1. Exposure proxy check: 16, 77, 4 ranked by fewest other beta carbons within 10 Å?
2. Provide Rg and Dmax in Å for segment 1-70, with only Cα atoms included in the calculation.
3. Counting helices only, and only those DSSP H runs with n ≥ 4, report the 222 nm mean residue ellipticity of the chain as the sum of -39,500 (n - 2.57) divided by its residues, in deg cm²/dmol to the nearest 500.
4. Hey, rough spin-label estimate for residue 44 and residue 69, points 7 angstrom out along Cα→Cβ, what's it come to in nanometres?
5. Pairs of Cα atoms under 8 Å, at least six residues apart: use those to get the relative contact order of the chain, whole percent.
6. Please report the spacing between the Cα centers of segment 73-89 and segment 1-70 in Å, no decimals.
7. Set the Förster radius R0 to 25 Å, insert the Cβ-Cβ distance between residue 31 and residue 86 as r into 1/(1 + (r/R0)^6), and round the FRET efficiency to 0.05.
8. Quick one: 83, 44, 63, fewest Cβ neighbours within 10 Å first, how do they rank?
């Protein structure tokens, strides 16, 4: 369903370890908005929902709600660092186009 690269797994693990409380995992979702109509969202979740898709990637768990599952199917999530900053990058084969900021798509 979703592939999580090693750099992304490390970044997710660091976020979970720094949460200061037990978390069920990192939620990855698609929301309406952004320049191109849809945008990616991520949040640490305290509880897993019964209808979540669960991706166990090494030491981290990623949760995906049912509405986002089809849109994110086949997506690779990476984490990159560079001169212009660092952050998660989504390579989504279901996106027909994206905006210049790289954070939204349609």
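1. 16, 4, 77
2. 12.3, 35
3. -5000 deg cm²/dmol, from helical runs alone.
4. Simple spin-label model gives 2.7 nm for this pair.
5. Rounded, it is 32 percent for the chain.
6. The distance from the Cα centre of segment 73-89 to that of segment 1-70 comes to 14 Å.
7. The computed FRET efficiency comes out at 0.70.
8. Result, fewest neighbours first: 83, 44, 63.
Only the coordinates and a few stated rules stand behind these numbers; no lab work does. If you're wondering where the values come from, they're calculated on a predicted model, not measured in any experiment. Cβ atoms come from the backbone with ideal geometry, glycine included; neighbour counts cover every protein chain shown.
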